[in-house]
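Enquirer: Can you keep this structure in mind? I'll have questions shortly.
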Amino acid sequence: MKILEVLTYYRPWVSGLTIYVERLSRALVEQGHDVTVLTSQYDRDLPRYDVMDGVKVVRIPVALRVSKGVIMPDFGPMAWKLTRGVDLIHLHLPQFDAPGLALRGRLLGKPVVLTYHCDLQLPQGAFNQMVDRVVQFQNNAAGRLADAVVTYTRDYAAHTPYLSQFLDRKLVIIPPPIALDPAGEAHVAAFRDQHTAGRRPIIGISARLATEKGVEVLLRALPRVLEAFPDALVLHAGPYKGLIGEEKYAARLEPLFQQYAGHYRLLGTLHGADLTAFYRALDVLCICSLNSTESFGLVQIEAMRNGVPVAACDLPGVRQPVTMTGMGEVSAVGDPEGLAAALIRILRRRDAYVRSPALIAESFEPAQTAAEYARLFEALRRGERPGRTAEPPAYERLRAMRDQPA
């Protein structure tokens, strides 16, 4: 099957959405499918045409940026060219160009699948509000034209206006693809020696330094955590310099980073075995996002498959990994006191929260995600359409182990 994946930013850009599409595309290629990614050339140093792990990548030059969006005059002609040569179009929202691709699919008789990763919520301001409304209009148009709409959890779909309109038609729940490179004990020990300065309680956060990630909630929770664990340390994995649209946010947090310099370390982007070693060095992972731009938190599963409990915020979708597995605590959104209490409870009784890492890893293997997508794609090509939304068997297995500590 020839599949066209379309999204605004692709690797080497780092975000949950780009990593999702990278893992899915690789797994589809490994299963014998032909995958092309159509995306933006957000960095002029990136090649226009590329092949990454067997995935063909076509990048369109950016003429203008509008907030975090991009304007690409050459996008339309390339989209026509590529859609003619594929069997199915897979769009990843939020994305300004999605309705144009969906319409091309309809006109050419190609099935269109739309995966809705999260809501778009731009910073305050009249201009950003206008951009937000335009993107919402585009998303709605793409949804009406798509043959199927995919998301991660029914919980998120039921609480998001965009997805709730598809609950009893078109909507399909597919677990996200999550994988990590192996890391040997020596590698993990070396990572700990480099970053933790001895055995001390380690709190992790794995996220871009972006407004919606709520990093300040963790920073404001630290005083209470340090009362209970005076030598606690936060390791923050993820990009924190030069992020488009986040310069003011980084500047606002800088005084807090300085205040807690002895207890908070920004590690930057970690890859491969280093990322796995990061998780294995943790006692607990923190998810403190603030709004529905976070729909699941893939990093939670990355932590859990390494035996690390999670303190998650009570956002639809984001709370699901913890509530499904019992592997952590959930606290109110934007509540430093609640987050501090959750972190302290986990640090005091960490072993009580650990569940089977093997079952968690198996439930989110990229090969399994790719196989579920492939089944959906083939059904659409046969003319079948999704019925009433049901959660996948993987989620039922996770709930079954919730009360069974490893």
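The values are calculated or read from the model by the stated rules, or taken from the named source; none is laboratory data. A quick note: this is a predicted structure, and the numbers were derived from the prediction, not measured. Counting neighbours? That spans all protein chains shown, and the Cβs are built from the backbone with ideal geometry, glycine included.
Enquirer: Return a yes/no flag: does the stretch 25-34 have any residue that is at pLDDT 95 or above, surrounded by 13 or more Cβ atoms within 10 Å (Cβ to Cβ) and part of a strand (DSSP E or B). Walk me through how you get there before you give the answer.
Expert: Step one: of the stretch 25-34, the residues at pLDDT 95 or above are 25-34.
With surrounded by 13 or more Cβ atoms within 10 Å (Cβ to Cβ) added as a condition, the list becomes 25-31, 33-34.
Imposing the further condition that a residue be part of a strand (DSSP E or B) reduces the set to 34.
Within the stretch 25-34, one or more residues are at pLDDT 95 or above, surrounded by 13 or more Cβ atoms within 10 Å (Cβ to Cβ) and part of a strand (DSSP E or B).
Enquirer: Identify, please: which residue in the stretch 96-136 is assigned to a loop (DSSP other than H, G, I, E, B) and of a type in the set (A, V, I, L, M) and is, among those, modelled with the lowest pLDDT? Please lay out each step first, then the result.
Expert: Pass one, the stretch 96-136, residues assigned to a loop (DSSP other than H, G, I, E, B): 96-97, 109-111, 117-125.
Imposing the further condition that a residue be of a type in the set (A, V, I, L, M) reduces the set to 120, 122.
Values: Leu120: 74, Leu122: 60.
Per the criteria, the residue is Leu122.
Enquirer: Return only the number of the condition from (1) of a type in the set (Gly, Ala, Ser); (2) surrounded by fewer than 23 Cβ atoms within 10 Å (Cβ to Cβ); (3) part of a helix (DSSP H, G or I) that Ala303 does not satisfy.
Expert: (2)
Enquirer: Oh, and also: Which condition number in (1) surrounded by fewer than 21 Cβ atoms within 10 Å (Cβ to Cβ); (2) closer than 23 Å to Phe229 by Cβ; (3) not hydroxyl-bearing (Ser, Thr, Tyr) is the one that Leu359 fails?
Expert: (2)
Enquirer: Further, regarding this structure: Over 24 Å from the mean Cα position of the chain (by Cα), of a type outside the set (S, T, N, Q) and part of a helix (DSSP H, G or I): is that true of Glu372 in this structure?
Expert: Details: over 24 Å from the mean Cα position of the chain (by Cα): no; of a type outside the set (S, T, N, Q): yes; part of a helix (DSSP H, G or I): yes.
Criteria not met by Glu372.
This table checks each residue for (1) at positive phi; (2) surrounded by 24 or more Cβ atoms within 10 Å (Cβ to Cβ); (3) part of a helix (DSSP H, G or I).
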residue	(1), (2), (3)
Val299	no, yes, yes
Gly307	yes, no, no
Val318	no, yes, no
Pro321	no, yes, yes
Ala342	no, yes, yes
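Enquirer: Out of Val14, Val21, Val62, Val57, which single residue is more than 15 Å from Leu91 (Cβ to Cβ), under 15 Å from the mean Cα position of the chain (by Cα) and of a type in the set (Val, Ile, Thr)? I'd like the intermediate steps shown before the answer.
Expert: Numbers: Val21 fails: more than 15 Å from Leu91 (Cβ to Cβ); Val62 fails: under 15 Å from the mean Cα position of the chain (by Cα); Val57 fails: under 15 Å from the mean Cα position of the chain (by Cα).
Result: Val14 is the single residue among Val14, Val21, Val62, Val57 that is more than 15 Å from Leu91 (Cβ to Cβ), under 15 Å from the mean Cα position of the chain (by Cα) and of a type in the set (Val, Ile, Thr).
Enquirer: Right, something else. When the residues of the stretch 188-223 are narrowed to those that are under 21 Å from Val14 (Cα atoms) and free of Cβ contacts under 8 Å to residues at least 60 places away in the same chain, which ends up surrounded by the fewest Cβ atoms within 10 Å (Cβ to Cβ)? I'd like the intermediate steps shown before the answer.
Expert: To start, the set of residues in the stretch 188-223 that are under 21 Å from Val14 (Cα atoms) comprises 204-216.
Now restrict to residues that are free of Cβ contacts under 8 Å to residues at least 60 places away in the same chain: 209-210, 216.
Numbers: Leu209: 19, Ala210: 21, Glu216: 17.
This residue is Glu216.
Enquirer: In addition: Can you find a residue in the stretch 223-237 that is at pLDDT below 95 and either in contact with a Ser or Thr (Cβ under 9 Å, 6 or more places away or on another chain) or at positive phi (or both)? Give the derivation first.
Expert: Our first condition is that a residue be at pLDDT below 95; within the stretch 223-237, this holds for none.
No, that holds for no residue.
Enquirer: Moving on. If you take the residues of the stretch 275-309 that are charged (D, E, K, R) and under 15 Å from the mean Cα position of the chain (by Cα), which of them is farthest from Ala179 (Cα to Cα)? First the steps, then the outcome.
Expert: Looking only at the stretch 275-309, we keep the residues that are charged (D, E, K, R), and these are 280, 283, 294, 302, 305.
Those left that are additionally under 15 Å from the mean Cα position of the chain (by Cα): 294, 302.
Working: Glu294: 19, Glu302: 7 Å.
Per the criteria, the residue is Glu294.
Enquirer: State all residues of the stretch 1-11 that are closer than 18 Å to Phe96 by Cα and within 14 Å of the chain's Cα centre (by Cα); if no residue qualifies, say none. First the steps, then the outcome.
Expert: First pass over the stretch 1-11, keeping only residues closer than 18 Å to Phe96 by Cα: 4-10.
Leu7, Tyr9, Tyr10 - these are the residues of the stretch 1-11 that are closer than 18 Å to Phe96 by Cα and within 14 Å of the chain's Cα centre (by Cα).
Enquirer: So, in the stretch 1-35, how many residues would count as being of a type in the set (S, T, N, Q) and in contact with a Gly (Cβ under 8 Å, 6 or more places away or on another chain)? I'd like the intermediate steps shown before the answer.
Expert: Restricting attention to the stretch 1-35, the residues satisfying the condition of being of a type in the set (S, T, N, Q) are 8, 15, 18, 25, 31.
With the extra rule that they be in contact with a Gly (Cβ under 8 Å, 6 or more places away or on another chain), the set shrinks to 8.
Summing the residues that are of a type in the set (S, T, N, Q) and in contact with a Gly (Cβ under 8 Å, 6 or more places away or on another chain) in the stretch 1-35 gives 1.
Enquirer: Where the second residue is in a helix (DSSP H, G or I) and not small (Gly, Ala, Ser) and the first is under 11 Å from Ser25 (Cα atoms) and lies in the stretch 357-372, which pairs have Cβ atoms under 7 Å and are six or more apart or on separate chains?
Expert: Within 7 Å, the pairs are Pro366/Arg23; Pro366/Leu24; Pro366/Arg26; Thr369/Leu24; Ala370/Leu24; Ala370/Leu28.
Enquirer: Another question, then. In the stretch 36-84, what residues are under 23 Å from Leu107 (Cα atoms), touching a Gly at 6+ places or on another chain (Cβ under 7 Å) and surrounded by fewer than 19 Cβ atoms within 10 Å (Cβ to Cβ)? First the steps, then the outcome.
Expert: Taking the stretch 36-84 first, the residues under 23 Å from Leu107 (Cα atoms) are 36-39, 58, 60, 72-84.
Cutting the leftovers down to touching a Gly at 6+ places or on another chain (Cβ under 7 Å) gives us 76, 79, 83.
Gly76 - this is the single residue of the stretch 36-84 that is under 23 Å from Leu107 (Cα atoms), touching a Gly at 6+ places or on another chain (Cβ under 7 Å) and surrounded by fewer than 19 Cβ atoms within 10 Å (Cβ to Cβ).
Enquirer: Does Leu163 fit the bill of being modelled with pLDDT of 90 or more and either over 23 Å from the mean Cα position of the chain (by Cα) or under 30 Å from Lys248 (Cα atoms) (or both)? Show your work before the answer.
Expert: Details: modelled with pLDDT of 90 or more: yes; either over 23 Å from the mean Cα position of the chain (by Cα) or under 30 Å from Lys248 (Cα atoms) (or both): no.
When the stated conditions are applied, Leu163 does not pass them.
Enquirer: Does the stretch 261-284 contain at least one residue that is crowded, with 23+ Cβ neighbours inside 10 Å, of a type in the set (A, V, I, L, M) and not in a helix (DSSP H, G or I)? It would help to see each step written out before you state the result.
Expert: Step one: filter the stretch 261-284 for residues crowded, with 23+ Cβ neighbours inside 10 Å, giving 277-279, 282, 284.
Filter once more, so that each one left must be of a type in the set (A, V, I, L, M): 277, 282, 284.
In the following step, the residues that additionally are not in a helix (DSSP H, G or I) were identified as 282, 284.
Yes, the stretch 261-284 has at least one match.
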